[in-house]
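Following: one structure in structure tokens, then a few remarks.
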Amino acid sequence: MTTSDVTISREDGVVVIAMTRPAKKNALTQAMYDTMRAALEEGAKDARSGAMLLTGSDGVFTAGNDIHDFLSRQGAPSESAGLRFIKALAAFEKPLVAAVDGLAIGIGTTMLLHCDLVYASPSASLKIPFVDLGLTPEGGSSVLLARRCGLARASELMLLGEAISAERAESFGLVNAIVPAQELLAHALAKAKALAGKPPAALAASRRMMRGDTCELLAVMDQEGREFANRLAMPEARASLLAFTNKKRQG
């Protein structure tokens, strides 16, 4: 099934969500977020679905938000399609696996923090550019990043906003293993199938104990969303985002 530049498929108990908008480096629109959220919500209720796999296409995971689509959205932060999607990831009680090839920018990195297993190709590049854009952390990254890789490394990623390679991401604990690009999807899918085949109740309970209180994380995400919205309304962020879009057009 293909909807709004997202392809949803199923294989042996695994739901595969692929971002398939290669002409725009899989930049995420509100419609894409809605499609991915719906797949998560459906998978959560479907007893035949034991795990979820997130991936990109054509050598790119995702370049993050589609800036034009992002700036044109209206409504309160709590109504943002991106926030609803990332909340669905946080609340998802089945295993989440990611296969990352190429760019994983902004929310492309943030969503990995909600995954149980992350596999990357040698060309994978992770970047969190929120501060450079006059914005603040989102999607739980203000707490999950430090929890995953420690405060010093989280500060490097979040405050400097520099891209890191697959090798550094693995050393930071953000990536489980680096796999050749031609083998990446099959490798990640095999791991997702292995998880999907395990006793589901024991698996879900183990994840809950390791992850802690989901309600606390969702509350953090709401707080982040409010601060993000405040920053977005400031001239600093608007100028940075417009400069970014102009640079992309010129490039």
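On the basis of being within 16 Å of LEU89 (Cβ to Cβ) and surrounded by 18 or more Cβ atoms within 10 Å (Cβ to Cβ), does GLY50 make the cut?
no
Name every residue in segment 1-52 that is under 30 Å from PRO199 (Cα atoms), among the aliphatic types (A, V, I, L, M) and outside any helix (DSSP H, G or I), in order of residue number.
Those that are under 30 Å from PRO199 (Cα atoms), among the aliphatic types (A, V, I, L, M) and outside any helix (DSSP H, G or I): MET1, VAL6, ILE8, VAL14, VAL15, VAL16, ILE17, ALA18, MET19, ALA47, ALA51, MET52.
Which fully enclosed helices (runs of 4 or more DSSP H) of segment 159-251 have 3 or more residues being within 28 Å of VAL14 (Cα to Cα)?
Output list reads 166-172, 181-196, 200-211, 214-232.
Might you let me know whether segment 146-165 holds any residue that is in contact (Cβ under 8 Å) with a residue 60 or more places away in the chain and crowded, with 21+ Cβ neighbours inside 10 Å?
Looking through segment 146-165, none of the residues is in contact (Cβ under 8 Å) with a residue 60 or more places away in the chain and crowded, with 21+ Cβ neighbours inside 10 Å.
In this structure, is ALA51 closer than 26 Å to ALA219 by Cβ and among the small types (Gly, Ala, Ser)?
Judged against the criteria, ALA51 is not a match.
Among (1) farther than 18 Å from THR110 by Cα; (2) at pLDDT 90 or above; (3) surrounded by 11 or more Cβ atoms within 10 Å (Cβ to Cβ), which single condition is THR245 missing?
Status for THR245: all satisfied but (2).
Quick one: in segment 14-43, which of the residues that are under 20 Å from VAL118 (Cβ atoms) and over 15 Å from the mean Cα position of the chain (by Cα) is surrounded by the most Cβ atoms within 10 Å (Cβ to Cβ)?
Out of the qualifying residues, it is VAL14.
Give all pairs with beta carbons closer than 9 Å in which a residue from segment 6-18 that is under 15 Å from VAL60 (Cβ atoms) meets a residue that is basic (Lys, Arg); count only pairs at least 6 apart in sequence or on separate chains.
VAL6/ARG21
The values are calculated or read from the model by the stated rules, or taken from the named source; none is laboratory data. Note that the structure is predicted; figures quoted are calculated from it, not measured. With ideal geometry, Cβ positions are generated from the backbone for all residues, glycine too; neighbour counts draw on all protein chains shown.
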